[in-house]
Structures are given as C-alpha cells and as structure tokens.
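For reference, the structure discussed in these notes is given below.
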Amino acid sequence: MNTLVTGIAELVTNDPSLGVVHDAALVVDDGSVAWVGSAGDAPPADRRTDLGGRTVVPGFVDSHAHLVFAGDRSAEFEARMSGARYDGGGIGTTVAATRAATDDELRGRLRALVAEMRAQGTTTVEVKSGYGLTVDDEARCLRLAAELTPETTFLGAHVVPAEYAGRADEYVALVTGPMLAACAPHARWVDVFCEPASAHAFDGDQARAVLAAGRDAGLGLRVHANQLSAGPGVQLAVELGAASADHCTHLTAADVDALAAGTTVATLLPGVEFSTRSPYPDARRLLEAGVTVALATDCNPGSCFTSSMAFCIALAVREMRMTPAEALWSATAGGAAALRRTDVGHLGVGARADLAVVDAPSFRHLAYRPGVPIVHALELAGRH
Ligand code: NIG
Ligand code: FE
C-alpha cells in the first residue's frame, strides 16, 4: 500500500539545497519517499491524503536534547531572569531528583517530551544521559532513552557530581572506565561538557580523555563546546573528528577556521541564549566561513526547557540573522549532518517519510509566526 500526499502548496525537500516545489505531491511507500514532483504529474496510488494547500517540510532533526530527568528548576530560571548567571551548577539539582526517580517516572517524562516534540514537527531526536552520574543511573537513563530513539548519547561527563567534589580526575577515571563499559552498549555517541570556565564541568585534558575512551569503545563523538567562554572544546572536537560541536557561543577566529577546515558540524542552540539571557552565537560568521550549521533545542530542565524547533528557527532568524531558508535547512538537514544520518533531514526519493506539515502557505511562517503552533509531524496510516 502506497499513499499519495496532495494539496501541498509548498514542499521543501532539501534535495538539492532547499529544493522548493510549489503545488507539489509526494508518494510514500513502506515508510520511505517513493516519488516527489508537481501535483499534475503525480502517479496513481493506493491511498490519498490531501493537505488542503499547506506546506510540507522534512521533519525536524533535533540533534541535541537532554530528556531523561526528574524534578523542576523553574526557580533557577526565575533567578536568572533577575540577573543570576548560568554556570551549570544547577545540574546537581536535577541529578539528585533523577537518581531518586523510578524507571516509570523517568520513562513517563521522557515519552511525554518526545510526544511533545513530535506534535511540533520533530521526527528524529537525540537523547543524552547526564543526570544519573553513577554507573547504574547512567546506564538506566540510556536504556530508557534507547526505548525511544537510536540516537542515544552517553554524557557521564556532564558535571562532576557532589560526591566527587574536588576529585574531578577520579570521576573522569570512573566515567572512562566502569561507567563507559556499562553505558556503551546502550549508546551511539559520547559527549562531554568541556568548559574550563565552569567550576562544575571539564577542562580540555579531561574532555580529551573522555572522548578518546568513548571512541575506543566504538562510540561517535559530540562535544558541549565553548558555551560559557572561548575554550578548548571546539578545536578538540575538530581534532578528534567529532560529528558535532554544540553551543559554539564564544568562538575565536582559530575556532571558526578549525570548523571550516574540518568535518565537525557547529550545532547552535539559541534557546539556551534566550533562556540564560546570554549573547547569541555568531551564526553569520560560521555560515560565511562555510561551516555546516545545525540548529537544535538542547531541551533540558536547566539552560533551556523548550521542545520547539520552530521556536529555535524563529530565534535563529530574529536573533542570529539566519535567513528563514538557512534556519530551516539547519533544523533538518543540518541536524541530520550532526548525527551523520543520510536517511532523514530531507525528502528526496529513498528518504524516510518523516514529513512535517506547516499550516501556512510557506515555510517562512515558521519564523514569521513565532510561538504559534502551526507545525506538526504528519501521521500517515501504514507509514511503517
Ligand atoms: O547543554 N551545558 C551543559 N548542559 C546543558 C544544560 C544542562 C542543565 O543545566 O541541566 C546544556 O546547556
Ligand atoms: Fe546540552
């Protein structure tokens, strides 16, 4: 059974570049895109779904999220809005709540957030651990994440937990030893919060040790880099061939040059700057240097509790001066590049049939109508 999707006023395929087709149609067969073109050329199909003149874009690829957690940090957010600075210290609050939560509590929250994302057009999501920080709790968080996504990331090196205060190197030995051994079977990626400017996170040498151990265990690399200050994270990510350097808020010219020369995607998370009242990354500088830029939410209870990729697109356009087309590409194909996926982030023939419908005549409305729930993932009967 295949399905012909009609009534598409504007279709963005990202194949090639933005790949806009007006008055378009698309055939989905067995969960994949089987045909794309003008409505007038559409082939016959077993079923039809008419979208009534809406826009279709590739489902968003949210390549950076922390969704396995318990507890609430709205008071920390409120304090920040009154002038308190974000330094990652609040992560300990979530760690305590997560350790105390049952599997079902964590699973319920995680499922609700993934559903909330899907309802807003996100069809691929990466999920990190990082709020367990014991061997058992990190492995448990990754097992739960793997129930919902193949894009699971071991972030045992999120912060140094309270019981290891003043003994960061001992904690790194735990992360790179028994914790990695317990977590690697449930993870595709390893990540580290490389931030010498934070008393809670890891310096360049510690980050290198975590990434090298993860790589030796067969994991791909991702780095929380240069969020609070210009530090070693970005260049370390490029040197080690990480798939992505995330945040990239404070970059030197050498960081930009390294990204431009390497294969590491720069993943920008403008919801974090919004929710921590920080200066935005210089997206234009990266784009003009030829760096591949992704956009993601960083959905987490501390630095940014939004699940909305459309909101991040609006911020990217308004605050980082990306064009609506650049922002949409970065939120779809850019996210796919950051996850080294070729089957998502575009709607070329053979791609996964992950379609997001925008209730508007053009994709530009994603930025033009900030905060309005106009985009959702299309649920096609028999899609899989
Ligand atoms: O990407 N910077 C480190 N980790 C997260 C925030 C986690 C938290 O505050 O709970 C981030 O911003
Ligand atoms: Fe993060």
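Quick note: the coordinates plus some simple rules give every number you see, no bench work behind them. The structure presented is a predicted model; accordingly, all values stated were derived computationally and were not measured. Because the Cβ atoms are built from the backbone with ideal geometry, glycine has one as well, and the counts that use them run over all protein chains shown.
Here are the numbers for the structure shown:
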quantity: Selected from T149, T124, T98 as most flexible by GNM, with the chain as the system and alpha-carbon contacts under 10 Å; calculated: T149
quantity: Pairwise FRET efficiency - D216 versus Y164, Cβ, R0 = 25 Å, nearest 0.05; calculated: 0.65
quantity: Shape parameters for segment 1-160, alpha-carbon atoms, Rg then Dmax in Å; calculated: 21.0, 60
quantity: Residues of segment 127-163 with amide N under 18 Å of a point placed 7 Å along Cα→Cβ from A173; calculated: 134-135, 157, 160-163
quantity: Selected from A351, C183, L26, residue furthest toward positive end of dipole (the chain; charges at beta carbon); calculated: L26
quantity: Angle between the chain longest axis and helix 135-146 axis [Cα atoms, degrees, rounded to 10]; calculated: 0
quantity: For segment 60-338, size of Cβ-based charge dipole, Lys and Arg +1, Asp and Glu -1, in debye; calculated: 440
quantity: Cα lying deepest toward the dipole's positive end in segment 60-338, options G290, A84, A314, charges on Cβ; calculated: A314
quantity: Mean Cβ count within 10 Å, highest first, over the residues of peptides 176-189, 316-329; calculated: 316-329, 176-189
quantity: Cα-Cα separations in segment 202-337 greater than 17 Å, expressed as whole percent; calculated: 55
quantity: Relative contact order [Cα under 8 Å, 6+ residues apart], the chain, whole percent; calculated: 20
quantity: Of all DSSP beta bridges in the chain, antiparallel share, percent nearest 5; calculated: 40
quantity: For segment 246-292 and segment 82-103, distance of Cα centres in Å; calculated: 26
quantity: Rotationally averaged projected area of segment 60-338 (alpha carbon convex hull; nm²); calculated: 12.5
quantity: The chain: angle of helix 103-118 to the longest principal axis, Cα-based, in degrees nearest 10; calculated: 40
quantity: Where a label projected 7 Å from the Cα of D136 along Cα→Cβ would reach, residues of segment 153-170 with amide N under 17 Å; calculated: 163
quantity: In degrees, nearest ten, helix 91-100 long axis to first principal axis of the chain (Cα); calculated: 80
quantity: Estimated vicinal HN-Hα couplings, Hz - segment 269-279 in sequence order (Karplus 6.51, -1.76, 1.60; Gly, Pro = x); calculated: 10, x, x, 5, 5, 4, 8, 10, 6, 10, x
quantity: Segment 274-333 - percent relative contact order, Cα under 8 Å, separation 6 or more; calculated: 36
quantity: In Hz, Karplus ³J(HN,Hα) per residue of segment 325-338 (6.51, -1.76, 1.60; θ = phi - 60°; x = Gly, Pro); calculated: 5, 4, 5, 5, 4, 5, 7, 10, 5, x, x, 4, 4, 5
quantity: Residues V27, V223, V293 arranged by fewest to most Cβ contacts within 10 Å; calculated: V27, V293, V223
quantity: Segment 262-384: Cα Rg divided by the 2.2 N^0.38 Å rule of thumb; calculated: 1.06
quantity: Karplus 3J(HN,Hα) series, Hz, for segment 8-23 with 6.51 cos²θ - 1.76 cosθ + 1.60 (x for Gly, Pro); calculated: 9, 5, 9, 10, 9, 9, 6, 9, x, 5, 6, x, 8, 10, 9, 6
quantity: Zero-based 5 Å bins, Cα pair distances in segment 161-267, whole percents; calculated: 2, 14, 24, 23, 19, 12, 5, 1, 0
quantity: Gap separating the Cα centres of segment 336-384 and segment 30-56, nearest whole Å; calculated: 14
